[in-house]
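Visitor: Right, I'll just put the structure down here and ask away after.
The values are calculated or read from the model by the stated rules, or taken from the named source; none is laboratory data. On a predicted model such as this, the values are computed, not experimentally measured, just so you know. For neighbour counting, all protein chains shown are included, and Cβ atoms are generated from backbone atoms with ideal geometry for every residue, glycine included.
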Amino acid sequence: MTRLLKNIFLLIILQFCSFSVLFSQNKIGLQFNSFEVIPEERTGLNLTPSKAFTFSEGFSMSFDVRFLSDLNFNYGHIFRIVSRDQHYIDFLIKGRNLKVAYSLGEIILDCTFDEVGFHYDDFLHFDIKLDTKNQLLTITIGDQIFSTKEIAFEEFKKVCIYFGKCDDCQPQVIDIPKVIIKEIRINDLNNKPIYYWPLSKHTSTGVYDELKKHFARTENPHWFLDEHAFWKKTVSFSTRRNPQVTYNLKEKQLVIFDKDKLFSYDIDSQTLTEEKLQAGIINRVYTNQTIYNPLTESYYFYVDPDKDVFSYDPEVKKWLDNSVWSTRNNYSHHNKLISPIDSSLYIFGGYGHHLFQNEINKYDFRTQKWEQLFFQGDSISPRYLSGLGKKNDSEILIFGGYGSESGRQELYAQYYYDLYSVDMNTMTTKKIWELPFVETDFVVGNSLVVDTLNNRFYALCFPRQLYNTSIFIAEFSLEKPEYRILADSIPFNFQDTYSYADLFLTEEKDELLAVTYSSTRTDSITTVSVHSLAYPPLTEAELYQDVEESRFGFFLFILVSIFILFFVFAYVIYRKKQEKHQLAKQNGSDFQLEKDIELPTVSPEKVNLFDERPILPKSEVLFFGYFRVIDQKGDDISKEFSPLLKQLFLLIFLNTIKSEGKGISSFHIKEILWFDKSRESAKNNMAVFLSKLRAIFKQVGHIEIKHKDSYWTIELGDGIFCDYKNALLLMKQLRENPKQNADNLRKLLSITSSGGILPNIQFDWLDSFKANFSNELIDLLIDYVKANKGISINESIEIADAIFIHDSLNEDALKLKCTALIKMGKNGLAKGTYTQFSKEYLTSLGIQFNQTFEQIISDN
């Protein structure tokens, strides 16, 4: 039993530690805007926006504060405590002096940074304890304790508390220092917690305390946590076309070369310098041909993998070569790294002259020779616009890109979402996973940031098929095919080989840097932009408090610990009964200690509480969310569909439904899939692929491919569920009877809320099917809302969310959801929905959304 108790306490301690680590990972704090902005834009935090606090005997308040080393901002009020008769206690700073003053200039405390042992890089702990019963004020700053009994504090049983700017109190406070405040706690005189604001997660207008959900209002806040979800443009400047970008980790500098100049951006000081080159890069260069070698502390420029590599001499400000270099440009948007194993340069992939590459080329700086290498193990298809990251000194990761299995652009070029590890010692590749679907097709920036401690990596992602687009950062698992989109997006103009995007992590691992540029074919000027984001990145949703749950966060550890104890003791009781049972058997006892209870057998197919689709069939053909085919055994066999097989199946099946059973002609199939083949060759190819489809269908169940009058159809048997087919049937029934048909609506929403229709499949002919379905669904749902004025608030939100999946910029859905949230009293969520919609509207369309939040909620 002693050993058992030790294990129990170990489990609780481990749980507590994991909870603490999780919490400490979030950077917290509220930074106050100071004299760098006008008074109207300075920061204020009001702990009592609705009514004053009442403390019958007194209270204590503590927090951590960090000051800047720039003394120009170290002047003004940090907080003010105001009594009911308008007396107040101020905490102020002037240069390196801290003061606590009472009302009309009476100084209670005056000390220096040196006296309290403060250093600029640290947070200083401050605690003020006001004992109104004994008329005692005690102040703790750092390790120093100060107290006074000279002032009557009877009026401070009711108080209002303000940090920073204060317009409500008299006299008003506008002189505030540039500080960071975190961990505000208010306790009673027995040190029992009353309120606690970590100043981490927040709402759009303020922050709730973790214990009682007491709201504190903010004005012009600069939340430290927001820096993890919103990119900040740190610098933007112009260069000649196709500049060369590299990162000097040791010097913490982004270095950009163009034909005439060298630009250096210092990460710490956020300053940009430029130098005129004596001899620049004089050939017609393309993106990504320069690298910094930390082992030699030199910059190198290379052209093609059979040409010389040139170094840069910072003393004379020139590249050490006077010849005119020519390039075939066969390796645009390749990946590169300097290997710590042999100090050689390795480049992978690339594109040029309608060909994709997949070999790896090595340049040995000692022998000054290139060598072409080939991977062993799992094959990596030829591609460009992939991402490369270093997992450790001997292993790299390669993810994503755009290319084709043959390497030829005209032969079914496609997006790749596969992750490979490469052993740099043996050049052995291993495929780790492949994403089964993505919401929108994307390629990735040149470099990956790998976090082996948390088994994840980060990549910049953007669609290659658009010029006016944006870049988002995504977090991917190292172990399984999962990803999520983080932070906000960065505007980006993608012009293929005239554009570039890269991602870097600073040496302190506290900041991500995104570098982007784009040139045009006719303009020789390029704009380079650098954006920064605090590390690790977060989603916008992770910034905001869940008001309903915030009060319970403090008790999470206790609840989990109780669960662990319950589980352990239940297990102990079970083991004791088992031991008794075994002992009785050994003694030959025929006494039945426990009566066996037979539970009714429940077939797994019948237990489904959440899915609205029919339960008996095992086989499924699913289009929403992503393309999946489930066979009779319940296994996902989607991977057996090659891209061409998938296209052939969808082409026939969708046209069968669209034409109400007529199908699609052989001529049109050949025109779409085998337009470059002769008539005989196309016929043979079609026969082969139809045979492959029939073989796969045998695993699924009764699926028939029929041919009549040169038209092909595919029909699904009764035992096969197809979400798309069911959705169309439900839509037809709802159109015929839009009123009081809640059951069919619920089933339709269950299907269509799984995601967009075939989002991971992109064919030109498929776009019309997707658009037509989305338009019909959205019109149907909007008409249903109009026909059924009495629908519930939850139904309104579900309908709005379903519309957003198929049209993220639908204004009717925005009005419907915001109005419903307002009715539920979730004003912050409604405003957040509107704000997110407006941002996406601006990013996607390039214009501001023309309706205010008030107009949106008043129109309904």
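Visitor: Hey, among Ala800, Ala742, which residue is surrounded by 17 or more Cβ atoms within 10 Å (Cβ to Cβ) and over 30 Å from Glu704 (Cβ atoms)?
Guide: When all the criteria are applied, what remains is Ala800.
Visitor: Working only within segment 702-721, note down all residues that are farther than 20 Å from Lys692 by Cβ and part of a strand (DSSP E or B).
Guide: Answer for segment 702-721, where residues must be farther than 20 Å from Lys692 by Cβ and part of a strand (DSSP E or B): Lys708, Tyr711, Phe721.
Visitor: Against the condition surrounded by fewer than 17 Cβ atoms within 10 Å (Cβ to Cβ) and hydroxyl-bearing (Ser, Thr, Tyr), how does Ser200 come out, does it pass?
Guide: Here the answer is no, as Ser200 does not meet what is asked.
Visitor: Right, here's the next one. Could you list all residues from segment 363-397 that are part of a loop (DSSP other than H, G, I, E, B) and closer than 17 Å to Ser339 by Cβ?
Guide: Phe365, Arg366, Thr367, Gln368, Phe374, Phe375, Asp393, Ser394
Visitor: Would you call Leu645 assigned to a helix (DSSP H, G or I), within 40 Å of the chain's Cα centre (by Cα) and not charged (D, E, K, R)?
Guide: So Leu645 fits the description; yes.
Visitor: Just to be sure I understand, how many residues within segment 750-803 are assigned to a helix (DSSP H, G or I) and small (Gly, Ala, Ser)?
Guide: 8
Visitor: Hey, among the residues in segment 162-213 that are in contact with a Leu (Cβ under 7 Å, 6 or more places away or on another chain), among the basic types (Lys, Arg) and closer than 23 Å to Ser69 by Cβ, which one's modelled with the highest pLDDT?
Guide: Checking each candidate, the answer is Lys182.
Visitor: Does Thr205 satisfy the criteria of being closer than 27 Å to Val116 by Cβ, among the hydroxyl-bearing types (Ser, Thr, Tyr) and surrounded by fewer than 17 Cβ atoms within 10 Å (Cβ to Cβ)?
Guide: For Thr205, the condition - closer than 27 Å to Val116 by Cβ, among the hydroxyl-bearing types (Ser, Thr, Tyr) and surrounded by fewer than 17 Cβ atoms within 10 Å (Cβ to Cβ) - is not met.
Visitor: Select, from Asp114, Asp110, the only residue that is at pLDDT 85 or above, among the charged types (D, E, K, R) and touching a Lys or Arg at 6+ places or on another chain (Cβ under 6 Å).
Guide: That would be Asp110, the only listed residue that is at pLDDT 85 or above, among the charged types (D, E, K, R) and touching a Lys or Arg at 6+ places or on another chain (Cβ under 6 Å).
Visitor: Oh, and also: Tell me whether segment 213-221 contains one or more residues that are acidic (Asp, Glu) and part of a strand (DSSP E or B).
Guide: The answer is yes; a qualifying residue exists.
Visitor: Look through segment 640-668, keep the residues that are touching a residue at least 60 places away in the same chain (Cβ under 8 Å) and of a type in the set (Lys, Arg), and return whichever of them is surrounded by the most Cβ atoms within 10 Å (Cβ to Cβ).
Guide: Filtering first and then ranking leaves Lys646.
Visitor: Please tell me if Phe156 is aromatic (Phe, Trp, Tyr) and either assigned to a strand (DSSP E or B) or modelled with pLDDT of 95 or more (or both).
Guide: No, not satisfied.
Visitor: Using the structure shown, decide if Val37 is at pLDDT 80 or above and either over 22 Å from Leu137 (Cα atoms) or surrounded by 19 or more Cβ atoms within 10 Å (Cβ to Cβ) (or both).
Guide: Here the answer is yes, as Val37 does meet what is asked.
Visitor: Quick one: Gln414 ticks every box in (1) under 24 Å from Ser638 (Cβ atoms); (2) of a type outside the set (Lys, Arg); (3) buried (at least 19 other Cβ atoms within 10 Å of the Cβ); (4) modelled with pLDDT under 95 except a single one, so which number is it?
Guide: For Gln414, the failing item is (3).
Visitor: Check Lys178, Lys165, Lys157, Lys149 and return the single one that is buried (at least 17 other Cβ atoms within 10 Å of the Cβ) and farther than 16 Å from Ile78 by Cβ.
Guide: Lys157
Visitor: Assess whether Val245 counts as being in the same structural domain as Tyr498 (by TED's automatic domain parsing), among the β-branched types (Val, Ile, Thr) and buried (at least 18 other Cβ atoms within 10 Å of the Cβ).
Guide: Taking the combined requirement at face value, the residue satisfies it.
Visitor: Sticking with this structure for a sec: Just checking, does segment 304-313 include any residue being modelled with pLDDT under 90, among the hydrophobic types (A, V, I, L, M, F, W, C) and not in a strand (DSSP E or B)?
Guide: Scanning segment 304-313, I find no residue that is modelled with pLDDT under 90, among the hydrophobic types (A, V, I, L, M, F, W, C) and not in a strand (DSSP E or B), so the answer is no.
Visitor: List the pairs whose first member sits in segment 225-236 and is in contact (Cβ under 8 Å) with a residue 12 or more places away in the chain, whose second member is crowded, with 16+ Cβ neighbours inside 10 Å and assigned to a helix (DSSP H, G or I), and whose Cβ atoms are under 7 Å apart, counting only residues at least 6 apart or on separate chains?
Guide: Going by the 7 Å Cβ cut-off, the qualifying pairs are Leu225/Leu543; Asp226/Leu543; Ala229/Glu540; Ala229/Leu543.
Visitor: Which residue, of Leu272, Leu277, is of a type in the set (A, V, I, L, M), farther than 29 Å from Pro536 by Cβ and surrounded by fewer than 21 Cβ atoms within 10 Å (Cβ to Cβ)?
Guide: Criteria check complete, one pass: Leu277.
Visitor: Search segment 757-773 for residues that are free of Cβ contacts under 8 Å to residues at least 60 places away in the same chain and farther than 15 Å from Leu728 by Cβ and pair each with any residue that is part of a helix (DSSP H, G or I) and not basic (Lys, Arg) when their beta-carbon atoms are under 9 Å apart and the residues are at least 6 apart or on different chains.
Guide: If the second residue must be part of a helix (DSSP H, G or I) and not basic (Lys, Arg), the pairs left are Asp764/Ile672.
Visitor: Keeping to segment 827-849, report how many residues are free of Cβ contacts under 8 Å to residues at least 12 places away in the same chain and touching a helix residue (DSSP H, G or I) at 6+ places or on another chain (Cβ under 9 Å).
Guide: The total comes to 5.
Visitor: Additional query: Exactly one condition in (1) buried (at least 20 other Cβ atoms within 10 Å of the Cβ); (2) under 17 Å from Phe624 (Cβ atoms) is false for Ala813; which is it?
Guide: Among (1) buried (at least 20 other Cβ atoms within 10 Å of the Cβ); (2) under 17 Å from Phe624 (Cβ atoms), Ala813 violates only (2).
Visitor: Another one. Condition test on Val515, is it among the β-branched types (Val, Ile, Thr) and either touching an Asp or Glu at 6+ places or on another chain (Cβ under 8 Å) or at positive phi (or both)?
Guide: Against the criterion (among the β-branched types (Val, Ile, Thr) and either touching an Asp or Glu at 6+ places or on another chain (Cβ under 8 Å) or at positive phi (or both)), Val515 qualifies.
Visitor: Here's a follow-up. When segment 816-825 is examined, which residues are found to be surrounded by fewer than 17 Cβ atoms within 10 Å (Cβ to Cβ) and either in contact (Cβ under 8 Å) with a residue 40 or more places away in the chain or aliphatic (A, V, I, L, M) (or both)?
Guide: Across segment 816-825, the qualifying residue is only Met824.
Visitor: Here's another thing I want to ask about it. Note down all Cβ pairs under 7 Å where the first residue falls in segment 788-800 and is over 10 Å from Leu816 (Cα atoms), the second is charged (D, E, K, R) and in a loop (DSSP other than H, G, I, E, B), and they're at least six residues apart or on different chains.
Guide: Asn788/Lys739
Visitor: Tally up the residues in segment 673-698 that are under 21 Å from Arg628 (Cα atoms), surrounded by 14 or more Cβ atoms within 10 Å (Cβ to Cβ) and of a type in the set (Lys, Arg), please.
Guide: Total meeting the criteria: 1.
Visitor: Quick check on segment 7-29. Is at least one of its residues out of contact with any Leu (no Cβ under 8 Å at 6 or more places or on another chain) and modelled with pLDDT of 85 or more?
Guide: no
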